[in-house]
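No value in this document is a laboratory result; all are computed from the given coordinates. No experiment lies behind these values; they were computed from the predicted model shown. A quick note on method: Cβ atoms are made from the backbone with ideal geometry, for glycine too, and the neighbour counts reach across all protein chains shown.
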Amino acid sequence: MGNVTARPVILVTGTQREAGVVSREGLIVLAGGGDAQGLREAIADAAPRAAGIISFGMAGGLDRSLALGDWVIGRRVVGGYQAPCDERWIAALQAILPRARVGAVYADGQLLSDSQSKGERSCSSAALACDMESHIAGEVAAQAGLPFAILRCISDTAETDLPPAVGVMMRADGGINLGALLRSVAGQPGQVPRLASTLGGFARAFRAMGKDAAKIGGRLGFDQR
């Protein structure tokens, strides 16, 4: 039986582009952009009028069996905050995306940019994937007593070493800081081939998210829980 409520679902993500692959009807979209405190305050402000909170968008792979474009449904968030995801929401997302993997997602606000760091987190947490916002979304959801879910698409695999430019390219509003990206490239031009490969992986993840976005619908599965 679906969950009937007029309240919107809060979608928490890193960039506005990630949220752009889904219909915004029934959603409050909040992009972190690397500003953890600002994101926390924005979610807390919106929570009293929301039905649930979902962390959505791209993720780094920690499990070596995950490929670019694979979906991960969070069973729980670990790292900066530990909390389970809503079982009914998990089941709804599994029904919509039956090929998605289900397991822990690691998040502590830090970008895991190299294969060694990813491997260490995989061993210590048994998480499938990592992102930079799920711990904040999970904590605010717990404080507000709201259902919480994680739905992420792999944009860089466990073996991928991200170039330095990726760590500076997000603005606080979730947009792209082109100036910072170009300065990083100018200062370390040797990263250009790796940056091109990384951006290609991001594009593949966006295509995968866009392809499945129409299936997800219903406030990202909330209406089916």
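Between Ser55 and Val12, Ala149, Ile150, Leu151, the built amide H atoms are under 5 Å apart, and every one of these is 5 or more places off in sequence or on another chain. Which whole-number percentage describes the relative contact order of the range 1-147, with Cα contacts under 8 Å and a sequence gap of 6 or more? Relative contact order here is 28 percent.
Pick out, in residue order, every one of the trypsin sites (Lys or Arg not before Pro) in the range 16-107 that is DSSP loop and has at most 16 other C-beta atoms within 10 Å; say none if there are none. Hits after loop and neighbour filter: Arg24, Arg64, Arg99. Protection proxy ranking of 142-153, 108-119, 179-190, by the mean of other Cβ atoms within 10 Å over each peptide's residues and highest first, is 142-153, 108-119, 179-190. The value of relative contact order for the range 60-201, using C-alpha pairs under 8 Å at least six residues apart, is 31 percent. Of all stretches in the chain that contain no GluC sites (Glu not before Pro) in a DSSP loop with at most 15 other Cβ atoms within 10 Å, the longest one is 26-158. For the range 15-21, 3J(HN,Hα) computed residue by residue from phi via the Karplus equation (6.51, -1.76, 1.60; θ = phi - 60°) reads 10, 5, 5, 4, 5, x, 7 Hz, glycine and proline entered as x.
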